[in-house]
Amino acid sequence: MEIMGSKVVSTKLSQEEYGKLVGLCSASGFTVSKLLKKAILERMKEEPVQAEKKSREQELVVQKPIVAKKQQTQKNTFEKEERFLYY
């Protein structure tokens, strides 16, 4: 059995925020510490999915300017040909 060390996580809350947190904890049957730990661990499980979505969005953003440049180049070529036809 491996013994792992624990780390402490803290945050500053206003009196109002802390009161809401304590109310939430008492309604759910958890201590403040247990509820925060549960929330953090659940968020960490979701994080890889969100990171994958962000990387896909970044790929799309990178590809859009390339397409826009091609369209702009074709438009300029068309305008040049169009000008030539009118002269």
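The values are calculated or read from the model by the stated rules, or taken from the named source; none is laboratory data. Model, not experiment: these values are computed from the prediction. Quick reminder, even Gly has a Cβ in these numbers, built from the backbone with ideal geometry, and neighbours come from all protein chains shown.
When the residues of segment 1-17 are filtered to those that are of a type in the set (S, T, N, Q) and in a loop (DSSP other than H, G, I, E, B), the one that is modelled with the highest pLDDT is S14.
When every residue of segment 18-39 is checked against the conditions, none turns out to be charged (D, E, K, R), at pLDDT 55 or above and surrounded by fewer than 10 Cβ atoms within 10 Å (Cβ to Cβ). Taking first residues from segment 27-47 that are farther than 19 Å from S10 by Cβ and partners that are assigned to a helix (DSSP H, G or I), the Cβ contacts under 8 Å between residues at least 6 apart in sequence or on separate chains come to S28/L35.
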